[in-house]
Amino acid sequence: MIGAGPIGLEAARAALRRAHEVQLFEAGGVAESVRRWGDIRMFSPFGLNGSPEAFAQLERQGFQLPPPESILTGAEYADAFLEPLAETLTGIIRTNSPVLAVTRAGLNKEDYILDPRRASVPFSLLVREGERESIVQADVVLDCSGNFQNPRPLGIGGIPAPGERAAQAAIRYGAFHPPEVDGFRVLVVGAGHSAATMLCGLAAQRPAKLFWAVRKPVADHPYARIPDDPLPERDQLLARANALARSSTVQLLAPAGIRSLSTTGEGLEVALSVNGRLVTVVVDRIFAATGFRPDLGLTRELQVQTCWATEGAHKLAALLLGEAGGDCLKAPTAGAETLSHPEPGFYTLGMKSYGRRSDFLIRTGLEQVQNVLDAVERA
Ligand SMILES: Cc1cc2nc3c(=O)[nH]c(=O)nc-3n(C[C@H](O)[C@H](O)[C@H](O)COP(=O)(O)OP(=O)(O)OC[C@H]3O[C@@H](n4cnc5c(N)ncnc54)[C@H](O)[C@@H]3O)c2cc1C
């Protein structure tokens, strides 16, 4: 298994219960990605963020879990649940051990095309631990490595804008609680939940200017709220962001694309196309909430099929087609088949299985784990 996030940990726990021999490799520490957005409050209640079996197992072992309805921050979730879960997997998890590449021992990608004979050859994983690199073999690989380590760049069309690389020191990518920005000129880019979180956090401080660049045309209310949203935390966030968009605190730039960045004596000059016009703003910091994309290089030597649009698992992407960012609680149940690839024994689970889509929920990944382990046992 690759990745000790919520889904990799659950996959390891469940596979062990089914008496499989398991190794879980994690690039950083346990719950590395969740900890990176540790200050942010989750929108799903704790009871949805772990499996009933894992909760029962931890309680049996004497761990005190938060009430199911509690809304935790990422760090609280990691402390109260993911770390204790990892403790039950001692000897299974190897932290600070990134998987650098995966292949089949002795087979190239182009060997045995769509041929079941590939299944008779074990997987080979190149793993780095400290200075040492080694090959580890496995019969089945579950890629639960998420997307969080690959934020998308700022430029128009999804590539870096000219000057973006040179301006890295002033740009923060991803999702996090914004640091102190009193007196700063700030630009937020993006229109997802992370952008809303960032915007609300920044507006609560006293930035000298707060710009918000959104790629698509924006109506009165940038965020469509879900009627009677079963996740009230999510609804409150979107309502606050909508109110900010109409307030004088935020200068909304939409529809906007970032054409270039350059550092001048005045600060970071950002040239944008806004509704067809060239607009230039000068800022001190950019917060890029432009989403994430999976690392496809990890499995490049396998016969893996991803969606040409979302980069999610191909069959799952087809199933999700048309469900453009609505209520993620209503995501269809994905059978193991949708998480499989032409490469036998290889599955993409968790956030990575959704590719660039932002509507993945931990609860969905927990179902994936059970479905995939059932399929592995049937094979
Ligand atoms: C701000 C924010 C708030 C969120 N709130 C919610 C919420 O309320 N409810 C919800 O359901 N979801 C929420 N999500 C989505 C949530 O992050 C995911 O649902 C969840 O973390 C996905 O779990 P995962 O295990 O698939 O991936 P991750 O949590 O990203 O874990 C992947 C792990 O793999 C490791 N890894 C990556 N590459 C390698 C490699 N090559 N080798 C070894 N290890 C590797 C990473 O270090 C990481 O630890 C939120 C996301 C963000 C950004």
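We did not get these values from a lab; they are worked out from the coordinates using the rules stated. All figures in this text were calculated on a predicted structure; none of them were measured in a lab. All Cβ positions, glycine included, derive from the backbone under ideal geometry; neighbour counts span all protein chains shown.
To the nearest 20 Debye, how big is the dipole of the chain about its Cα centre, given +1 on the beta carbon of each Lys and Arg and -1 on that of each Asp and Glu?
1060
What percent do you get for the relative contact order of the stretch 95-150 when only Cα pairs under 8 Å and 6+ apart count?
Here the relative contact order equals 34 percent.
Using the alpha-carbon atoms, what tilt in degrees (0 to 90, nearest 10) does helix 362-378 show relative to the longest principal axis of the chain?
Approximately 20 degrees, to the nearest 10.
What is the angle, in °, between the Cα long axis of helix 6-17 and the longest principal axis of the Cα atoms in the chain? Nearest 10 is fine, range 0 to 90.
So the inclination is approximately 10 degrees.
Just to be sure I understand the model, the point goes 7 Å from the Cα along the line to the Cβ. What's the resulting residue 21 to residue 120 distance in nm?
Label at residue 21, label at residue 120, 2.1 nm between them.
Are there any GluC sites (Glu not before Pro) in the stretch 42-85 that are in a DSSP loop and have at most 16 other Cβ atoms within 10 Å? List them by number.
Answer in residue order: 69.
Need the list of aspartates and glutamates near residue 209 for cross-linking: C-alpha distance under 20 angstrom, and skip anything on the same chain fewer than eight residues off.
Candidates past the 8-residue exclusion: 180, 182, 266, 269, 284.
Among DSSP bridges having both ends in the chain, what percentage is antiparallel? Round to the nearest 5.
About 60 percent, rounded to the nearest 5.
Counting other Cβ atoms within 10 Å, keep those with at most 15, restrict to DSSP loop, and tell me which GluC sites (Glu not before Pro) in the stretch 93-145 are left.
In loop regions of the stretch 93-145 (DSSP not H, G, I, E or B), the sparsely surrounded GluC sites (Glu not before Pro) are 110, 131.
Pop out the Kirkwood hydrodynamic radius of the chain from its pairwise C-alpha distances, inverse of mean 1/r, in Å to one decimal.
Hydrodynamic radius (Kirkwood, Cα pairs) of the chain is 22.0 Å.
Could you state the angle between the C-alpha long axis of helix 232-245 and the longest principal axis of the C-alpha atoms of the chain, as a value from 0 to 90 degrees rounded to the nearest 10?
Computed tilt is about 30 degrees.
What residue among 288, 158, 187 has its Cα farthest toward the positive end of the dipole of the stretch 156-288, where the charges are +1 on Lys, Arg and -1 on Asp, Glu, each on the Cβ?
158
In debye, nearest 20: dipole of the stretch 156-288 around its Cα centre with unit charges on the Cβ of K, R (+) and D, E (-)?
280
Roughly how far apart, in whole Å, are the Cα centres of the stretch 9-37 and the stretch 240-303?
34
Along Cα→Cβ, 7 Å out, is where each label goes; now give me the distance between the ones at residue 63 and residue 75 in nm to one decimal.
1.9
Can you give me the C-alpha center-to-center distance between the stretch 72-98 and the stretch 161-198, rounded to a whole angstrom?
Cα centroid of the stretch 72-98 versus Cα centroid of the stretch 161-198: 28 Å apart.
Please identify every one of the GluC sites (Glu not before Pro) in the stretch 250-310 that sits in a loop by DSSP and has no more than 13 other beta carbons within 10 Å of its own beta carbon.
Hits after loop and neighbour filter: 266.
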